[in-house]
Amino acid sequence: MSRITACFAKLAETNRQALIPFVTAGDPEPGITVELMHAMVKAGADIVELGVPFSDPMADGPVIQRASERALEHNVSLHDVLAMVKSFRQTNNDTPVVLMGYLNPIEAMGYEAFAENAANAGVDGALTVDLPPEEAQGLVAELKARNVDPIFLLAPTSNAGRIASVDALAGGFIYYVSLKGVTGAANLDIDSVKSKLAEIREISKLPLGVGFGVREPADAANLASIADAVIVGSTLVKIVEANAAQPDKIPGIISETLSKFRYAMDNAA
Amino acid sequence: MPKDAVKIDSHNSDFDELLNLPDEGGHFGPYGGCYAAETLMAPIDELREAYEHYRNDPDFMAEMDSDFSQFVGRPSPLYHAERWSKSIGGAQIYFKREDLNHTGAHKVNNTVGQALLAKRMGKTRIIAETGAGQHGVATATVCARMGLDCVIYMGSEDIKRQMINVFRMKLLGAEVIGVESGSKTLKDALNEAMRDWVTNVDDTFYIIGTVAGPHPYPAMVRDFQSIIGREAREQALEQTGKLPAALVACVGGGSNAMGLFYPFIGDHEVELIGVEAAGDGLETGRHAAPLNAGRPGVLHGNRTYLMETDSGQIIETHSVSAGLDYPGVGPEHAWLKDCGRAQYAAATDIEALDAFHEVTRTEGIMPALETSHALAHTKKIARDYDKDAMIIVSLSGRGDKDIHTVAAHEGIEI
């Protein structure tokens, strides 16, 4: 059983939902990332999602694009991100780590080498934003052979056929994009998320995480009542950005914010 | 498929098979495909189905033909550049005069086609990216005519280089949004347009300006631009009774080249030569020539040759011509290169500027700086052909938009 599957099984026993914070690896500087990962776990993160910096993050909004640009100023590569995960694993062998990024850095490394290096570093899942199921067979086979879960996105516009083709390849959990737009966009519509999740559950047995547009602890609490996991991204990355001049303070401030999300989720009606 | 699998034996490929591409998933060999975020897959599917339907609809095709002749001014002439041919002293060089199209470049062939498609699909809002501004102007033009809302994304660096085209777009009623992210050029404008599309999928149609992007764009744009090659082939036979020895076209994304090449792919004796922007020189790394000096990767929805670092980050390109300043290239070109059906050369900024002046003074035709790259390479190779051989150059656009750039290179302030 993969760490991600084990994590969701354990949460289900106590009827809790996973809190998944997202930060971009190497933002604002590479030295802070591993410490930040540990701090987020302490503050209540069940799974840590690390963004792999890319020069052309088409599906992300300006907040996460700037995070990529800050990391790339330090030349943070996919190779470096894997080294960060390896370092994190020296003292944490339980918390699943998911990489989220774009296909081209993986293409540059090669599918087999990436899957091998990711598994060796202790990566549990890989979400490749611009790799829909139509093109994903090759990479998915390499990942699954090494027990790394291929995480896929579903969107409000995904029809039953697309949900089924994602379900056929996906592992770990499915990441549902709560709105039409890029990361960091506004207006979470809980009712429409709820009905779409119900539609997905008719086709897939995988746990469902919801991200995009989760700004306030109250949003996370609302989602916790209908989803299996809540992903908080741009809200945290904004905090990193605001404190980029003092990286040492970032783990503390992020922890404080994340604990509020944790509290709200665990005490939702 | 990982890039190490992208190896083929060029001698074994059957060029006729190239005419049946792409496959159902939009693949040209290992290139092309549909590498888009899930959030875009529904609108892409909708577009693909609509295009499959209307490309076989005689009513739609008749409407497009009528716009080509009445609004664009087609057919464009195939012009014998006699004086220039003579001064070089080799093959007879002919220009396919896409510069004489309405709006001054080949770009309008594609925007007419896509805007008509948008209208049939019930979309009321058009978005587009632009580099040199030619595609933006061509898009704004058809939107003005059809009464469609129009938003153009343009890198802020390009806006500085192409003020005249920015103003033209605004006069045509388009909103021009400057893109400040990344390198602030064409690729960033494309990123921003995709973000807009993701956010406004219901009423918005994205008119991509070149033969790149997720399937069906590379095939659809090629089909709309193929009017260039179909006309040129007929005109060549009519004027000279034979097919050309070679076709030469500049390649940024590669839409004018693909439009000229495609109807000739089955004519195995006709050489297809694309010319990329070598910028300061291929050896300097400051260029925009992925087919010459890049490697395969995935960007903007398709697998193709890219300018990238060893770790897969896209790098900034350089060219005197904003329209060629793009780190990728259409996937069909990537496959034509690997198969050996087409060759891809490169011309530097200086070579292009020289050709610009030479053709302007010799033929009374002021070519766009993009086009000047094709002319520069033609000059290099024309002497290798007999005097009765014919080379067709895609005169893809006119140079009025570039006079500030040309002047600046000569230290002249206008």
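The values are calculated or read from the model by the stated rules, or taken from the named source; none is laboratory data. These numbers were taken from a predicted model, which means no experiment stands behind them. Neighbour counts are summed over all protein chains in view; Cβ atoms, including those assigned to glycine, are modelled from backbone coordinates with ideal geometry. Accessible surface is based on the protein model in full, side chains and every heavy atom, while ligands, DNA and RNA are left aside. Shrake-Rupley method; radii C 1.70, N 1.55, O 1.52, S 1.80 Å.
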* Asked: Which condition does residue A:153 not pass, out of (1) open to solvent by 10 Å² or more (accessible area, probe 1.4 Å); (2) in contact (Cβ under 8 Å) with a residue 24 or more places away in the chain; (3) more than 10 Å from chain B (Cβ to nearest Cβ), if it passes all the others?
  -> (3)
* **Hits in the stretch B:342-364 (condition: surrounded by fewer than 20 Cβ atoms within 10 Å (Cβ to Cβ) and outside any helix (DSSP H, G or I))** => B:343, B:364
* Those helices (runs of 4 or more DSSP H) lying entirely in the stretch B:108-225 with at least 1 residues touching an Asp or Glu at 6+ places or on another chain (Cβ under 9 Å) and under 27 Å from residue A:179 (Cα atoms) -> B:186-199
* Scope the stretch B:334-365; condition touching a strand residue (DSSP E or B) at 6+ places or on another chain (Cβ under 8 Å) and of a type in the set (Lys, Arg); matching residues -> B:337, B:341
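Here is a yes/no grid of residues against (1) open to solvent by less than 10 Å² (accessible area, probe 1.4 Å); (2) more than 12 Å from chain A (Cβ to nearest Cβ):
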position: B:181; (1), (2): no, no
position: B:188; (1), (2): yes, no
position: B:191; (1), (2): yes, no
position: B:202; (1), (2): no, no
position: B:209; (1), (2): yes, yes
position: B:212; (1), (2): yes, yes
position: B:217; (1), (2): yes, yes
* Starting from residues that are assigned to a loop (DSSP other than H, G, I, E, B) and within 14 Å of chain A (Cβ to nearest Cβ), keep the ones in the stretch B:280-305 and report whichever is surrounded by the most Cβ atoms within 10 Å (Cβ to Cβ). => B:300
* Qualifying position, being in contact (Cβ under 8 Å) with a residue 40 or more places away in the chain, hydroxyl-bearing (Ser, Thr, Tyr), crowded, with 18+ Cβ neighbours inside 10 Å and within 30 Å of residue B:383 (Cα to Cα), among B:153, B:94, B:54 -> B:94
* **Filter result (surrounded by fewer than 24 Cβ atoms within 10 Å (Cβ to Cβ) and closer than 13 Å to residue A:251 by Cβ) within the stretch A:1-31** => A:28, A:29, A:31
* Structure fact -> Checked the stretch B:57-91 for anything under 30 Å from residue B:23 (Cβ atoms), surrounded by fewer than 16 Cβ atoms within 10 Å (Cβ to Cβ) and not charged (D, E, K, R); matches are B:58, B:61, B:62
* Can residue A:234 be described as closer than 19 Å to residue A:24 by Cβ, in contact (Cβ under 8 Å) with a residue 12 or more places away in the chain and not acidic (Asp, Glu)? -> yes
* Structure fact -> Exception for residue A:81 within (1) over 19 Å from residue A:57 (Cβ atoms); (2) in contact (Cβ under 8 Å) with a residue 40 or more places away in the chain; (3) crowded, with 24+ Cβ neighbours inside 10 Å falls at (1)
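Does the stretch A:101-116 hold any residues that are under 14 Å from residue B:35 (Cβ atoms) and aliphatic (A, V, I, L, M), and which are they? Before the answer, list the steps.
From the stretch A:101-116, those under 14 Å from residue B:35 (Cβ atoms) are A:101-107, A:111; that's our starting set.
Once the filter is applied, which keeps residues that are under 14 Å from residue B:35 (Cβ atoms) and aliphatic (A, V, I, L, M), the stretch A:101-116 yields A:103, A:106.
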* Count of the stretch B:107-128 residues which are open to solvent by 10 Å² or more (accessible area, probe 1.4 Å) and touching a strand residue (DSSP E or B) at 6+ places or on another chain (Cβ under 7 Å) -> 4
* **Test for residue B:196: is it closer than 29 Å to residue A:156 by Cα, out of contact with any strand residue (DSSP E or B) (no Cβ under 7 Å at 6 or more places or on another chain) and among the acidic types (Asp, Glu)** => no
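Can you tell me how many residues within the stretch B:321-331 are more than 14 Å from residue B:133 (Cα to Cα) and in a loop (DSSP other than H, G, I, E, B)?
Looking only at the stretch B:321-331, we keep the residues that are more than 14 Å from residue B:133 (Cα to Cα), and these are B:327-331.
Keeping just the survivors that are in a loop (DSSP other than H, G, I, E, B) gives B:327-330.
So the answer is 4.
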* Take the residues of the stretch B:365-398 that are among the β-branched types (Val, Ile, Thr) and part of a helix (DSSP H, G or I): which is nearest to residue B:259 (Cα to Cα)? -> B:371
* Structure fact -> Pairs returned, first residue in the stretch B:119-141 that is of a type in the set (Phe, Trp, Tyr), second residue that is surrounded by fewer than 24 Cβ atoms within 10 Å (Cβ to Cβ), beta-carbon separation under 8 angstrom, 6 or more apart or interchain, are none
* Asked: Of all residues in the stretch B:315-341, which are modelled with pLDDT under 95, aliphatic (A, V, I, L, M) and either open to solvent by 10 Å² or more (accessible area, probe 1.4 Å) or more than 15 Å from residue B:187 (Cβ to Cβ) (or both)?
  -> B:315, B:320
* To do: Mind listing whichever residues of the stretch B:167-190 are touching a Ser or Thr at 6+ places or on another chain (Cβ under 9 Å) and either among the small types (Gly, Ala, Ser) or modelled with pLDDT of 90 or more (or both)?
  => B:168, B:169, B:172, B:174, B:176, B:178, B:179, B:180, B:182, B:183, B:189
* Asked: If only one of A:135, A:116, A:112 is under 21 Å from residue B:327 (Cβ atoms) and of a type in the set (Asp, Glu), which one is it?
  -> A:135
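Counting only residues that are of a type outside the set (A, V, I, L, M) and within 14 Å of chain B (Cβ to nearest Cβ), give me the helices (runs of 4 or more DSSP H) lying completely in the stretch A:158-255 with at least 1 of them.
Numbers: elements: A:160-169, A:190-201, A:217-224, A:234-242.
Those helices (runs of 4 or more DSSP H) span A:160-169, A:190-201, A:234-242.
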* Asked: Quick one: what pairs do we get from the stretch B:304-333, first residue basic (Lys, Arg), second in a strand (DSSP E or B) and crowded, with 24+ Cβ neighbours inside 10 Å, C-beta under 8 Å, 6+ apart or different chains?
  -> none
